[in-house]
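J.: Take a look at this one; I'll ask things after.
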Amino acid sequence: MPSPANAGPAPSPPDGGWGWVVVFGAFISIGFAYAFPKGIAIFFKEIQGFFDTSYSEIAWVSSIMLATTYGAGPISSILVNRYGSRPVVIFGGLLCGIGMVSAAFCTSILQLYICVGFITGFGLALNLQPSVIIIGKYFLKRRPIANGLAMAGSPVMLCTLAPLNQFLFDNFGWRGSFLILGAILLNCCVAGALFRPIGAPKIQSNEEVKEVLKEEVTKDAMEMNSSTNIPVETKTEEEEAKDCCEKINKYLDFSLFKHRGFLIYLIGNVLMFLGFFAPIVFLAPYAKHIGIDEYSAAFLLSILAIVDMIARPATGIIANSKWVRPRIQYFFSFSIAFNGACHLLCPLASGYKGLVIYSVFFGLAFGMVCAMLFETLMDLVGATRFTSAVGLVTIAECCTILLGPPIGGTLIDTFGDYKYMFIKCGAVMVLAGTFLFIMNYYNYRMLAKEKRKAKEEDPKSVRTESEGRNNLNKDTVQDGPELEPLREEQERLKKEVNGT
């Protein structure tokens with residue numbers, strides 16, 4: 001089977017139909033990828049006592065899982081470019097199940113690092129990115145709505161896994177719970193089976209015919225060279241190195257680092273993740289610190305998840321409107337700054353009612369950012385380069401995701417107060433939102449200026465963005481007209497060989 005990366009022109013996104021089934025599969029895969037590392041923490045206390053380890057040692061299980069999930073982004077992107085989303089997600093689901101079932105038989109904390117941290121984390125990485133990528137292939141006009149619905153899987157799974165894990169823990173212990181969770185994670189394989197490729201059979205047949213014609217041309221050329229005793233030039237080292245770079249770039253497009261919009265997005269997101277996850281980690285401990293009981297403190301996370309669940313699809317609908325869609329980068333920048341403002345105001349909440357209000361606004365802001373996290377990236381680089389862009393972005397974000405909570409914990413240990421942690425996270429996110437807003441304004445101005453300049457130089461060769469997208473959507477593979485240029489090229493090459 002030829003690789004999807006070489007499968008020819010992409011068919012037009014259907015913007016519906018089977019695409020909604022794909023969104024449901026992505027809802028499951030993305031939900032497990034984001035929620036599972038958070039939900040598994042409920043077992044850590046018993047595991048800590050069982051292996052007689054410190055809290056920092058047991059916390060490395062989640063840290064390694066998160067690091068592997070984000071750090072394996074480029075590997076996931078390469079596999080998707082080579083094999084497509086469906087087999088990658090199915091294989092990722094199998095790895096998740098194997099990792100958790102193996103963890104049920106671990107006899108040391110180091111084995112848990114390997115089974116839960118690396119194996120399960122890598123399986124979740126193979127579920128996350130292909131699910132986001134396949135939505136971009138099925139949707140164009142309704143893509144923000146589809147992304148918002150798929151990303152809503154994270155809060156839904158978090159609300160589901162938290163009570164489920166507690167129930168499993170009370171009835172089966174951590175070993176029995178890991179066995180059951182391993183079986184549950186195999187549902188990712190079912191979700192992956194729903195990711196049906198678009199137009200694969202037609203493209204494959206055309207590619208096979210192309211390869212046959214090219215092989216015939218090469219064979220004829222070699223026969224003529226051998227009959228006339230003309231030596232075939234060997235490739236130089238520079239040409240071989242160039243070919244190697246082209247092969248690597250085919251699966252992971254490093255030329256994106258020359259893309260102005262991609263660099264702006266990357267810098268802003270790396271800065272944002274320094275303060276993105278820490279407030280969720282420390283919200284319940286902060287509530288207990290100011291004298292709120294354990295059940296009420298845990299309920300704050302439930303409030304956050306419920307609001308987040310509603311905010312993600314609602315944000316997708318708003319982002320898809322004709323007023324927001326053309327300038328969606330501004331909306332994303334506002335969401336990040338709004339998130340940071342919530343954290344800056346959190347220390348003013350001295351009682352439980354204040355924390356409930358904070359949780360509502362935090363859930364709203366968190367859902368807005370998550371719903372547009374990948375949509376804005378696809379808006380910048382396009383669907384064709386999106387696979388490589390996701391891989392490069394996630395590995396860069398991996399470092400700040402791991403550093404954010406430890407830096408917040410260090411501030412709490414140093415000052416003995418949680419408010420400095422919230423102030424740090426809020427200031428970082430407001431700074432990131434402001435940076436993205438200013439730089440996106442600059443990027444929009446530069447794009448408009450380049451477009452005007454190109455029109456002045458050669459008006460006939462310039463097409464508007466909407467015309468380009470429409471033509472891209474109309475690109476379909478047709479047997480007769482597509483193969484005619486290959487036949488002409490075959491005849492031309494034969495004539496050149498005969499002339500030499």
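The values are calculated or read from the model by the stated rules, or taken from the named source; none is laboratory data. Computed from a prediction, not measured in an experiment: that's the story for all the values here. Quick reminder, even Gly has a Cβ in these numbers, built from the backbone with ideal geometry, and neighbours come from all protein chains shown. Just the protein is used for accessible areas: all its heavy atoms, side chains included, with ligands, DNA and RNA removed. Shrake-Rupley method; radii C 1.70, N 1.55, O 1.52, S 1.80 Å.
J.: Using 7 Å Cα-to-Cβ label points, what is the Asp413/Trp18 separation (nm, one decimal)?
T.: Rounded to a tenth, the inter-label distance reads 5.3 nm.
J.: Taking N as the number of residues in the stretch 253-456, what is its alpha-carbon radius of gyration divided by 2.2 N^0.38 Å? Write down the numbers at each step before the final one.
T.: Working: Rg = 18.4 Å, N = 204, 2.2 N^0.38 = 16.6 Å.
After normalising by residue count via 2.2 N^0.38 Å, the value is 1.11.
J.: Determine the per residue accessible area of the stretch 253-456 with all protein chains present and a 1.4 angstrom probe, expressed in square angstrom.
T.: Numbers: 9040 Å² over 204 residues.
Value for the stretch 253-456: 44 Å² per residue.
J.: Per 10 Å bin, what is the whole-percent P(r) computed from every C-alpha pair distance within the stretch 13-198?
T.: 11, 38, 32, 14, 4, 0
J.: Fully extended, how many nm does the chain gain between Ile114 and Phe167 (0.36 nm per residue separation, minus their Cα-Cα distance)? Could the numbers behind the result be given before it?
T.: Details: separation 53, 0.36 × 53 = 19.08 nm, distance 2.56 nm.
Between Ile114 and Phe167, full extension yields an extra 16.5 nm.
J.: Just grab the label-to-label distance for Asn187 and Ala298, each label 7 Å out from Cα along the Cβ direction, in nm (one decimal).
T.: Inter-label distance under the simple model: 2.1 nm.
J.: Once amide H atoms are built 1.01 Å from N in the peptide plane, which residues 5 or more positions from Leu140, or in another chain, come under 5 Å H to H?
T.: The answer is Asp15.
J.: Based on the Kirkwood radius over alpha-carbon pairs, what is the Stokes-Einstein translational diffusion coefficient of the stretch 26-103 at 10 °C with 1.306 mPa s viscosity, in µm²/s?
T.: Numbers: Rh = 14.1 Å.
Stokes-Einstein gives a translational diffusion coefficient of 113 µm²/s.
J.: Whenever you get a sec, compute what percent of the accessible area on the stretch 253-456 sits on carbon and sulfur atoms (1.4 Å probe). Display every interim value, and only then the final one.
T.: Details: 6410 of 9040 Å².
Accessible surface attributable to carbon and sulfur in the stretch 253-456 totals 71 percent.
J.: Rank-order 371-381, 411-421 by packing density, defined as the average count of other C-beta atoms within 10 Å over each peptide's residues, highest first.
T.: Details: 371-381: 24.2, 411-421: 15.3.
Highest to lowest by the protection proxy: 371-381, 411-421.
J.: Longer than 28 Å from Cα to Cα, which of Lys322/Lys451; Lys38/Lys322; Lys258/Lys419 are they? Say none if no pair is. Write down the numbers at each step before the final one.
T.: Values: Lys322/Lys451 22 Å; Lys38/Lys322 36 Å; Lys258/Lys419 40 Å.
From the list (Lys322/Lys451; Lys38/Lys322; Lys258/Lys419), the Cα-Cα distance tops 28 Å for Lys38/Lys322; Lys258/Lys419.
J.: What FRET efficiency comes out for the pair Phe50/Arg452, r = Cβ-Cβ distance, R0 = 56 Å, nearest 0.05? Each step should come with its number before you reach the end.
T.: Working: r = 67 Å, r/R0 = 1.20.
With R0 = 56 Å, the Cβ-Cβ based efficiency is 0.25.
J.: Let me ask you something else. Quickly rank 32-38, 159-165 as a protection proxy: mean count of other C-beta atoms within 10 Å, highest first. Please report the intermediate quantities before stating the final value.
T.: Details: 32-38: 24.0, 159-165: 17.4.
Descending packing order for the listed peptides: 32-38, 159-165.
J.: For the stretch 13-198, report the accessible area per residue in Å² (1.4 Å probe, heavy atoms, rounded to an integer). Kindly include the intermediate steps, with their values, before the conclusion.
T.: On the way: 6820 Å² over 186 residues.
Heavy-atom SASA per residue in the stretch 13-198 reads 37 Å².
J.: Counting pairs of alpha carbon atoms under 8 Å apart in space and at least six apart in sequence, what relative contact order in percent does the stretch 45-151 give?
T.: Details: 110 pairs, mean separation 36.4, N = 107.
The normalised contact order for the stretch 45-151 reaches 34 percent.
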